[in-house]
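The next block holds one structure in the form of structure tokens; read it before the comments.
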Amino acid sequence: MDKTPEQINEIVTEFAGSVLHSLGFEYEIATQKCSAEEISLMIAGPDSRYIIGDGGSRLDDLQYLLNRIAVMHAQDAPRIRVDCDHYREQLEQRIISTARQKAEQVLSTGRSHTLKPLNAYFRRLVHSALADMPDIATCSEEGDARYKRITISRRA
């Protein structure tokens, strides 16, 4: 039987705490949102820079692991979003801002632009952020790579 979002929230929060505790980090975990679509966890503490890792790599790894655990407990599990001291929130805003700037450049120059490689979460963010621009098309690279580039171009 599939678990409810609240049960999944409890499971992933407990697991995240277990991992962070095992690594010797001081932390607090708070649920910011828990719905059928998304569970959002915020980690805070003096060891934040180590939890975040270079360019958010450890935070990405933890988020990926928690999403895999959630899917083990429910096929249609909510997406797990993990942030630490608002790092991801600020990064998301920078990525969306950059994508919109590049889209404006594409509209003014007519030349396509390819963004740096992004993970699936951030690619989804960019596609969603630019979806409301009727003259802009976005396309992700093909393949199995975890990090892929998005090309922003004029809609034909």
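Please treat every number below as a calculation from the coordinates, not as lab data. In this text the structure is predicted, and so the values were computed from the model without any measurement. Reconstructed Cβ throughout: ideal geometry from the backbone, glycine too, with neighbour counts over all protein chains shown.
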Which cross-chain or sequence-distant (5 or more) residues have an amide H under 5 Å from the amide H of residue 114, H modelled 1.01 Å from N in plane? 152
Under 5 Å from the placed amide H of residue 136, counting only residues 5+ away or on other chains, we find 155
Indicate, rounded to the nearest 5 percent, the antiparallel portion of the DSSP beta bridges found entirely in the chain. 70
How high is the relative contact order of region 5-85? Use alpha-carbon pairs under 8 Å, at least six apart in sequence, and give a whole percent. 35
Residue-wise HN-Hα coupling along region 33-40, computed from phi with Karplus coefficients 6.51, -1.76, 1.60 (Hz; x: Gly, Pro): 8, 9, 9, 5, 9, 8, 10, 10
Label-point separation in nm, residue 10 to residue 76, each point 7 Å along Cα→Cβ: 2.2
Segment residue 33-residue 142, length gained on full extension (0.36 nm per residue, minus Cα span): 36.0 nm
Applying 1/(1 + (r/R0)^6) with R0 = 22 Å to the Cβ-Cβ distance of residue 90 and residue 23, what FRET efficiency is obtained, to the nearest 0.05? 0.40
CD proxy at 222 nm, helix term only [per DSSP H run n ≥ 4: -39500 (n - 2.57); per residue of the chain; nearest 500]: -15500 deg cm²/dmol
For residue 47, the residues 5 or more places away or on another chain with a placed amide H closer than 5 Å to its own amide H are 26
Nearest-0.05 FRET efficiency for residue 107 and residue 64 at R0 = 41 Å, using Cβ-Cβ distance, is 0.75
Could I have the simple spin-label model distance between residue 114 and residue 128, label points 7 Å from Cα toward Cβ, reported in nm to one decimal? 2.6
Please work out the C-alpha center-to-center distance from region 37-109 to region 129-156 and express it in whole Å. 19
